[in-house]
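What follows is a short report on a single structure.
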Amino acid sequence: MALRFYNTLSQRVEEFLPARDNTVRMYTCGPTVYDYAHIGNFRTFTFLDILRKWLRASGFRLDHVMNITDVDDKIIRNAVAQHKTLGDYTETYTKAFLEDCATLRLERAERLVRATAHIDDMVGAIERLGARDHTYTSDGSVYFRISTFPEYGKLSHNDFSGNLAGARVDVDEYEKADARDFALWKAPKEGEPFWPSAIGPGRPGWHIECSVMAIKYLGETLDIHAGGVDLIFPHHENEIAQSESLTGKPFARFWLHAEFLMVEGQKMSKSLGNYYTLRDLLDRGYQPEAIRYLLASAPYRKSLNFTFDGLKSSAIAIDRLRNFKLRLETDQYPEGVDEPLMARTAQASQAFSDSLDDDLNTAEALAAVFEYVRDANSAMDSGEFRAGNAAAALQFLGRFDSIFDVLRPTVASGEISDTEIDRRIAERTAAKKARNFALADQVRDQLLGQGIILEDTKSGVRWKRKSS
Ligand code: AMP
Ligand code: ZN
């Protein structure tokens, strides 16, 4: 089956192919580096990572640009309050963001670009928009006149006709039902940092930043533009207005938007205070792989409710897969293959691909994997498994993990000390004596998650560290 995505622009599921030379030119809106990102933000970035990996697995090359928004109202306010330069202030959070991405195993975009390194390009674009009468200046700020772009509203599917003239706005976000002329260039307020330029001193608005950097690196028409649903309006609508007014070409062929990570029915967000950073969860002892799994487990177009139970279930799901893998690697199987089981593996692998081809339906892809693991485990119990089946099963798990990337433990073996292992084994032995087999199994699985394999022998429990 061919790869298909839901396109916010057409409101339809469409078959996806890049326009040119088998390369996907993709732009995604990156973080505003004024603070640590929360795991709601990382839901969107995890979706983008799965998207990258599946595009590559589908045989395409990637040219992906992600921006770092390192100038905006909040950044300026905080930097000024802390008597720091913008650069010093944003450096901390840019570094933290990249560290968090690495912890969650999110691949780096081919190009990571900073807004403040492209001020001249933005000024040039604003001048060109001005030359075509798309702008006006008021109190030293330059605004985009949206009445000059009749298609305004085509992405968010709002009908703004009759409402395109007049009001203007300096902030980057406003009400969904409201069309406003937005700032391309903002005049500095007292005490704020600014750039001198041909259009006067000031700083760029958020929207122009993305249009300019996307076109500079990827050309006038992108294959994919993606971000969270909160960016559809006004941010992406404004990006389209600016970009298409500049080039006369469609700005992006596919627009993909991830739904929110929710907490008790509300969007996880800084302003509501209902958020956790990745660091908060790691401090509470959760493994990055479990967080990654949870964020990836729901299809990106469904909102996902964050709960600690969900996080625990994710850790259990990963343990099941790791145990299955360990069993494949360590059990002895007779030579040869069982053909019906081979067919079962091929069917599961196909179902996995079909699900991801279907607008990245990660929930179905995971279901295909777990149903297979259940069947394979019972085939092993009943002695049907052969060496050839184990090899095929490991290969399928490898395909799964090249996308989901959760099987490798984060805690490298060696980080848990021998004494700690002995203590945990003693705890397990005591649990077994008390006939608390659930606890005993839990200890064994946790140790396995940390790369420690237990073996029950006549002379007691032996353990070894898993190689790799
Ligand atoms: P920001 O740093 O605010 O520009 O946001 C970075 C990315 O996180 C954007 O693509 C947002 O759409 C996305 N985002 C923000 N909050 C959430 C949330 N609760 N769930 C999913 N994505 C979010
Ligand atoms: Zn953007």
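The values are calculated or read from the model by the stated rules, or taken from the named source; none is laboratory data. Every value quoted in this text rests on a predicted model; they were computed, and no experiment measured them. Note that we place each Cβ from the backbone using ideal geometry, even for glycine, and neighbour counts take in every protein chain shown. Ligands, DNA and RNA are stripped out before the accessible areas are found, and what is left, the full protein with its side chains, is counted by its heavy atoms. Shrake-Rupley method; radii C 1.70, N 1.55, O 1.52, S 1.80 Å.
Of note:
- Neighbourhood charge, 10 Å Cβ-Cβ cut-off, centred on N67 and excluding it, Lys, Arg +1 and Asp, Glu -1: 0
- Averaged per residue, the stretch 267-404 has 44 square angstrom of accessible surface, using a 1.4 angstrom probe with ligands and nucleic acids left out.
- Heavy atoms of the protein chains alone define the surface here; on that basis the stretch 4-258 has 40 Å² accessible area per residue at 1.4 Å probe size.
- Note on the chain: helix-only mean residue ellipticity at 222 nm, from DSSP H runs of 4+ residues weighted -39500 (n - 2.57) and normalised by residue number, equals -14500 deg cm²/dmol.
- Within the shell defined by Cβ-Cβ distances under 14 Å, the residues around A57 carry a net charge of -1, with Lys and Arg each +1 and Asp and Glu each -1.
- The Cβ shell under 14 Å around G398 holds other residues with a net charge of +2, Lys and Arg each +1, Asp and Glu each -1.
- Straight-line cross-link reach from K464 at under 12 Å between alpha-carbon atoms covers these aspartates and glutamates, not counting any fewer than eight positions away in the same chain: D418, D422, E455, D456.
- Restraint check, K432/K466; K433/K458; K74/K186; K95/K186; K216/K249; K176/K267, Cα-Cα greater than 20 Å: K432/K466; K95/K186
- With Cα atoms, 0 to 90° folded angle of helix 362-381 axis to the chain main axis: 10 degrees
- Counting only protein heavy atoms and a probe of 1.4 Å, the accessible surface of the chain is 49% carbon and sulfur.
- In the chain, the longest principal axis of the Cα atoms and the axis of helix 288-297 are about 70 degrees apart.
- The listed residues R399, R322 rank as R399, R322 when sorted by accessible area, largest first, using a 1.4 Å probe.
- Paramagnetic reach from S269 (point 7 Å along Cα→Cβ, amide N under 17 Å) across the stretch 210-233: 227-233
- Rounded to 10°, Cα long-axis angle of helix 308-330 versus longest principal axis of the chain: 50 degrees
- Accessible surface area normalised per residue over the stretch 418-465 is 63 Å², counting heavy atoms of protein chains with a 1.4 Å rolling probe.
- The stretch 4-258: C-alpha gyration tensor shape, a/c 1.5 cut-off, then a/b vs b/c: oblate
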